[in-house]
Amino acid sequence: RYMEAFGLGHLTGIELYGETGGRLKAPGDADWVDADLGTNAFGQGIAATPLQMIAAVSALANDGKMMAPHILKAYIQDGVQYGTTPQVLGQPITAETAHTLTDMLATSLEQEASDALVEGYRIAGKTGTAENPHGASHSWFVGFAPADRPQLAVAVLVEHGGYGSATAAPIARDLLLRAVDLGLIE
């Protein structure tokens, strides 16, 4: 239920054609086995998209409210600029739980001397390494900044990338540094 509440296995509704819903096996599915209950708990056997990960982590950044992701901030039509409207997709966790998890993620990055850290900003995030069914490893970083007043979420997926801490985290740092340079993060 929590995986579904965080949007895994469902479309995010992003403004792009051809979005996939990923895959979340559930009891009653033809390919469900009892071991899936345990392996799903740490992310094995689940196929999630970077956009689903952004939506899920947004619940931590927004007091437990999961926000719809957007690829664009605004668009111009007939000479008029229209901004995207924030949309709450649900509230899978309480604000207190979101704050606790945010602090845990930020502290974990700080204590491991993560390559995702940006000087002057507290970053909340998680690295990961996944193996696809064909045996190739994919590295991940998903997080947001600043941890105490979130303004931007980032998800990095590196196919055939080894460990997330070595490949995806430095890319996330570079993206966050660029966001600081552009004034997207204060």
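Odds and ends about this structure:
- Helix-only mean residue ellipticity at 222 nm for the chain, each DSSP H run of n ≥ 4 adding -39500 (n - 2.57), per residue, nearest 500: -9500 deg cm²/dmol
- Shown here for segment 52-140: GluC sites (Glu not before Pro) in loop regions (DSSP other than H, G, I, E, B) with at most 10 other Cβ atoms within 10 Å, namely Glu119.
- The residues packed around His138, meaning those with a beta-carbon under 9 Å from its beta-carbon, carry a net charge of -2 if Lys and Arg are +1 and Asp and Glu are -1.
- Accessible surface of the chain [probe 1.4 Å, protein heavy atoms]: carbon and sulfur percent: 55
- Once the mean of 1/r is taken over each pair of separate Cα atoms and inverted, segment 2-105 shows a Kirkwood hydrodynamic radius of 15.3 Å.
- HN-Hα J in Hz across segment 75-91 - Karplus 6.51, -1.76, 1.60, θ = phi - 60°, x for Gly and Pro: 9, 10, 9, 6, x, 10, 8, 10, x, 7, 9, x, 10, 7, 8, x, 10
- Centre separation in Å (Cα based) which lies between segment 12-45 and segment 57-72: 20
- Protein heavy-atom accessible surface, 1.4 Å probe, per residue over the chain: 59 Å².
- Based on the reciprocal of the average 1/r between different C-alpha atoms, the Kirkwood radius for segment 74-168 equals 15.4 Å.
- Take every pair of alpha-carbon atoms less than 8 Å apart whose residues are at least six positions apart; their mean separation over the length of segment 9-60 yields a relative contact order of 37 percent.
- Full-stretch length increase - Tyr17, Gln91 - with 0.36 nm per residue and alpha-carbon distance subtracted: 24.0 nm
- Scanning the chain for trypsin sites (Lys or Arg not before Pro) lying in DSSP loops with no more than 16 further Cβ atoms inside 10 Å, the longest uninterrupted stretch between such sites is 74-186.
- Across segment 1-91, the mean sequence separation of Cα contacts (distance under 8 Å, 6 or more residues apart), normalised by length, yields a relative contact order of 26 percent.
- Of [x] 38.0, 111; [y] 16.9, 57; [z] 18.6, 60, the label for Rg and Dmax of the Cα atoms in Å derived from the coordinates: [y]
- Local net charge near Ile171, Cβ-Cβ under 14 Å (Lys/Arg +1, Asp/Glu -1): -1
- Relative contact order, percent, the chain [alpha-carbon distance under 8 Å, six or more residues apart]: 16
- Here the Kirkwood formula, the inverse mean of 1/r across different C-alpha pairs, assigns segment 89-139 a hydrodynamic radius of 13.1 Å.
The values are calculated or read from the model by the stated rules, or taken from the named source; none is laboratory data. None of the values given here were measured: they were computed from a predicted structure. As a convention, Cβ positions derive from the backbone with ideal geometry for all residues, glycine included, and neighbour counts pool all protein chains shown. We work out accessible area using only protein heavy atoms, side chains counted, and drop any ligands, DNA or RNA first. Shrake-Rupley method; radii C 1.70, N 1.55, O 1.52, S 1.80 Å.
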